[in-house]
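Accompanying notes for the structure given below.
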Protein chains: 2
Amino acid sequence: MNTKPETTIHDIARELDVSASTVSRALKNNPLISEKTREKIKQVAIEMGYRPNVVASNLRTRRTNTLGVIVPLINRHFFSSVISGVEEVAYKAGFAVTISQSNDDFQKESQIAQALFASRVDGVILSASMETITSQHLNLFTDRNIPLVFFDRVLDDVAANKIVVDDFRGGLLATRHLIEQGCRHIAHIGGPLNLAIYRDRLNGYLKALSQAGLQPLPEGVLHNRLTRSDGDEAIRQLMKLPQLPDAIFCANDTTALSVIIYLRQQKIRIPEDVALVGFSNEPFSEVVSPALSTIKQPGYEMGLKAAELIIRQINGELSANDFTTYVMPTELIIRESSLHQGVVIA
Amino acid sequence: MNTKPETTIHDIARELDVSASTVSRALKNNPLISEKTREKIKQVAIEMGYRPNVVASNLRTRRTNTLGVIVPLINRHFFSSVISGVEEVAYKAGFAVTISQSNDDFQKESQIAQALFASRVDGVILSASMETITSQHLNLFTDRNIPLVFFDRVLDDVAANKIVVDDFRGGLLATRHLIEQGCRHIAHIGGPLNLAIYRDRLNGYLKALSQAGLQPLPEGVLHNRLTRSDGDEAIRQLMKLPQLPDAIFCANDTTALSVIIYLRQQKIRIPEDVALVGFSNEPFSEVVSPALSTIKQPGYEMGLKAAELIIRQINGELSANDFTTYVMPTELIIRESSLHQGVVIA
DNA sequence: TTGTAGGCGTTATCAA
DNA sequence: TTGATAACGCCTACAA
């Protein structure tokens, strides 16, 4: 299919009557090569339309300059923001980025891990699927000291650098805010408890309640996979409880959106009848009506940090046994969905 | 750094006292190998923790089973949806997906092309940057018959398979709808005219007007890069015109959102004073207030199609000289932002 | 049905 | 400062 074969360093070498090694070194700006020959080689390389074959180089150097990224779903603003940040840093550092999505399916996550290992990526950045409860599929990397960086949905039992926001504090602030707005019957739509972030958000919620001498709403703490339809089911369930909620803290914006849409349709007023806080600050949160209060999660910056960390690990600039969990700054953004009229915010 | 060296097919061969080629063949399910030895080899491969080295295989076969994807911005719902679709199909077909973002910068787009070529991707899926007016940076691929598939922001002068929506018809439907709502002074916020999609959307707009015997709003047809701030500038400019617009057709939802926010703030009513139609059906369009009328663009499906096409091209299942432009179905979604009360839709 | 030999394009080592 | 050689791990004619 390919017309002319690619020019290789051997072709250049032959042309100039030098050895392939000299060409290789010259093109890599190896200082051993004299300036004169280096210039000449580069010149001829351009004339001959030489294009380095990274694959061959990768095989030889056992380095691919490629980062693998596994996310649950590419097409989700938070995750695509993280990817965008990763790409930004990776590109500048000369790394390619290979993206895969687990679709929140543990099987697929495992298979992706296998594939990334087979293609010898230099490092992996990962946010676990909703189903992930074990980390054995990642031993492939940890056993061989291939750097692994987690973000957002981190796994407790893997020793690695991790990047999260303060989920506990997020849950605490969100719930405390609802309490300050006068709410007393606060429900929670949460994620699977195998993931630390959802445990933390739940615990923040519980803590805020207990600090205020309140109880969680009986039967009002639900856990699901936080999709749009999960949110829809959840709100229908909550609105059947003997004690109706006067507020809901949702563990993501997606479910909060389902709630808004359902309540709007039922002519239940937000925030007067039910106040609402989400989590993540997806772009729609700002413009939905009523605008959704939420916890800001700096996805792009998390991506920048993840890429920076993994590249430093790959370059051996970071201790291989000494891991840190980086907690990114977060913020409660108060909008209409939780702002009771007449209530003054301290 | 790496502790134990990886097991190779040679290790397995030595273990079983067969040749490496036999191992290679067995692992590839080559029918020449007897079932018995194949089973034994696979067995031992697992026991020894063998992991194929794709890099070596790639070098030998001159195939990487990798698709390169270049988009303007990963973190944009339409593009991340396309990527998601690409990944879905690619994964099932055994391809990895390498993603890069041009940030709408032509320089970066060129450099990415170089890098993708250097890493010998088997095919490239591309949506051009706002700045891209020439296609020479893609000769790298076209000269060597490396498949190239364009989507959305396609370049006219490249012979390749392309996937678009009917942008002309989108512009036509959007504008005609505004006319049917009684609007007569319709402005347009469009994209750079070097890109066919924005020319087509503009032409659709013009056609609808002329069919109705109307003129474009004087000074009311603007072109910019369609960011949030571009939209903001544009609406400010439009609201200073001697003849104010009573409707605006925006070439994307992002600028339409800027318009909504600005008008809301100025207490200008939508759609009573200014009706609005966007393009793309970003997720926020449905929930913003007022909900934004828009042209639906099936990003995920476009990604599926792009991946399918390029993989078929890679596998030689498609003629290499015979290219098609696939026009995906699109649809006008009418929401509050353009729905004048009392007006009945035909 | 299996083995042998050579090469994919680059780089590391050693020698000159 | 440069060259010769071998090797990275796999695959594929060709031979047996």
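Throughout, read-outs are computed from the coordinates displayed, never taken from laboratory work. These numbers were taken from a predicted model, which means no experiment stands behind them. Here Cβ is always computed from backbone atoms with ideal geometry, including for glycine, and neighbour counts include all displayed protein chains.
Tabulated results
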| read-out | value |
| --- | --- |
| Normalised per residue, the volume of the convex hull around the Cα set of segment B:250-346 (Å³) | 112 Å³ |
| Alpha carbon Rg of segment B:9-52, scaled by the compact-globule rule 2.2 N^0.38 Å | 0.96 |
| Global form of segment B:65-115, assessed from the alpha-carbon gyration tensor, a/c cut-off 1.5 | oblate |
| Partner aspartates and glutamates for residue B:92 [C-alpha distance under 13 Å; skip if fewer than 8 residues away on the same chain] | B:308 |
| Neighbour-count order for A:134, B:142, fewest beta carbons within 10 angstrom listed first | A:134, B:142 |
| Label point distance in nm, residue B:180-residue A:118, each placed 7 Å from Cα along Cα→Cβ | 5.2 nm |
| Neighbourhood net charge (11 Å Cβ-Cβ; Lys/Arg +1, Asp/Glu -1) for residue B:206 | +2 |
| Sorted by Cβ neighbour density within 10 Å, fewest at the top, the residues A:250, B:183 | B:183, A:250 |
| Proximal lysines relative to residue A:296, as straight alpha-carbon distance under 21 Å, when same-chain residues fewer than 8 apart are discounted | A:162, A:207, A:305 |
| All lysines inside 24 Å of residue B:267 as judged from Cα atoms, apart from same-chain residues fewer than 8 positions distant | B:240 |
| Per-residue mean of C-beta atoms belonging to partner chains within 10 Å, peptide A:284-290 | 5 |
| Cα-based shape type of segment A:26-168, given that a ≥ b ≥ c are square roots of the gyration tensor eigenvalues and the cut on a/c is 1.5 | prolate |
| Reduced Cα scattering model of chain B, Debye log10 I(q)/I(0), q = 0.15 Å⁻¹ | -1.16 |
| Calculated FRET efficiency for the pair residue B:327/residue A:63, C-beta based, R₀ 41 Å, to 0.05 | 0.40 |
| Number of partner chain Cβ atoms within 10 Å, mean per residue of A:8-14 | 0 |
| Inter-copy label distances at residue A:93 (7 Å, Cα→Cβ; nm, one decimal) | 3.2 |
| Fraction of the pair-distance distribution of the protein assembly as shown above 46 Å, Cα-Cα pairs, percent | 27 percent |
| Residues with amide H under 5 Å from that of residue A:125, placed H, sequence gap 5 or more | A:68, A:69, A:70, A:149 |
| With eigenvalues of the C-alpha gyration tensor scaled by 5 and rooted, segment A:219-258, Å | 16, 10, 9 |
| Position residue A:212, label points 7 Å along Cα→Cβ, spacing to each other copy in nm (shortest first, one decimal) | 5.1 |
| Scattering curve values for segment A:182-325, log₁₀ I(q)/I(0), Debye with Cα scatterers, q = 0.09, 0.16, 0.19, 0.22 Å⁻¹ | -0.34, -0.84, -1.09, -1.39 |
| Copy-to-copy label separations for residue B:223, where each label sits 7 Å from Cα toward Cβ, in nm and ascending | 5.6 |
| Neighbour-count ranking [beta-carbon atoms within 10 angstrom, fewest first] of B:246, A:143, A:232 | A:143, A:232, B:246 |
| Mean Cα-pair separation over length for segment B:102-207, i.e. relative contact order, pairs under 8 Å, 6 or more apart, % | 24 percent |
| Length-normalised contact order for chain B - Cα pairs under 8 Å, 6+ apart - percent | 17 percent |
| Sites residue A:203 and residue B:215, calculated FRET efficiency, Cβ-Cβ separation with R0 45 Å, nearest 0.05 | 0.10 |
| FRET efficiency, residue B:239 to residue A:286 (Cβ-Cβ, R0 22 Å, nearest 0.05) | 0.50 |
